[in-house]
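Novice: I'd like to ask you about the structure that follows.
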Amino acid sequence: MFHVTPPAGTSLGQDERVHTVDHLESLCARAWPALAEVSLGDWSMRAAAGFTGRANSTLTCGDPGMPIPDALAVTEGFAREHGIKPTAHVVNGSTQERAIREAGWIVDLDHPGGAESLVMTGPLEKFAEGEAESRDLPGWWELTAGSEVSAAQRHVLGSSETVCFASLTEDGTVVAAVRGAVVEDVLHVARLAVRPSHRRKGLARQLMGELAGWGLKQGATTCALQVAEHNEPAIRLYSELGCTEHHRYRYWVPPAVS
């Protein structure tokens, strides 16, 4: 499941596997910047006025520099300070997950975006076709973020260093849209949306191909997608494009806020 090939004659150890997952998670986090981000050792506490779980949770990869129960208490204080629900973004099967469970936290089964998500990766060259143009159109925002776009949404979606607002239009109306952000050699893909009236016409596949072409031009070689496990149509599309599951993560919360 973790796509790292060790040198000939060697085996991939648990520490190497976890480091690979941690690095990918850090790249995804950098591509999805929160309004407030504070480090706690290797952990990253994030808040963005409630816009998305990823930008309003503590990424728990690595060592927080203190016992896990103490670190969780700090994250709860950070959440209260920023008016958000205390939430930990935790890689499935990790050492941190076991320690967080032992500290009494539980999986947030009521999370609006779903408690568990897949991180899928794949080579851009496999499905790149054309090159998307980045256009910050009102219709792009309306389709991907809604009619009322908040400052938090504009920050999370628009403040990455290398970002693309890709879209397809028909008669002046944005009918399909997606966001891409390149960090190091990874194109992080998010907010893929197609208007209901234009679905099942291959627009999502076309847009992904054009975004991949843009990503290659920016120096990316791999795409990464974070998708809720219940979003079967998206998982099917990404699988058809050559992406496979790299790992999974879940959201954990203190029992009092579940």
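The values are calculated or read from the model by the stated rules, or taken from the named source; none is laboratory data. Remember, it's a predicted structure, so these values are computed and weren't measured experimentally. In case anyone asks, the SASA skips ligands and DNA or RNA and just uses the protein heavy atoms, side chains included. Shrake-Rupley method; radii C 1.70, N 1.55, O 1.52, S 1.80 Å.
Novice: Is the shape of region 182-258 rounded, prolate or oblate, going by the alpha carbon gyration tensor and its root eigenvalues a ≥ b ≥ c, with a/c under 1.5 for rounded and a/b larger than b/c for prolate?
Specialist: In terms of gyration-tensor shape, oblate.
Novice: Then there's this: Probe radius 1.4 Å, ligands and nucleic acids ignored: give me the carbon and sulfur share of the accessible area of the chain as a rounded percent.
Specialist: Answer for the chain: carbon and sulfur cover 49 percent of the accessible area.
Novice: Could you give the accessible area per residue of region 154-222, probe 1.4 Å, as a whole number in Å²?
Specialist: In whole numbers, region 154-222 has 44 Å² accessible per residue.
Novice: Give me the percent of Cα-Cα pairs in the chain that sit more than 33 Å apart, rounded to a whole number.
Specialist: The proportion of pairs with Cα distances above 33 Å equals 20 percent.
Novice: Take region 161-220, compute every pairwise Cα distance, and split them into 10 Å bins from 0; I just need the percent in each bin.
Specialist: Computed distribution, short to long bins: 24, 51, 21, 3.
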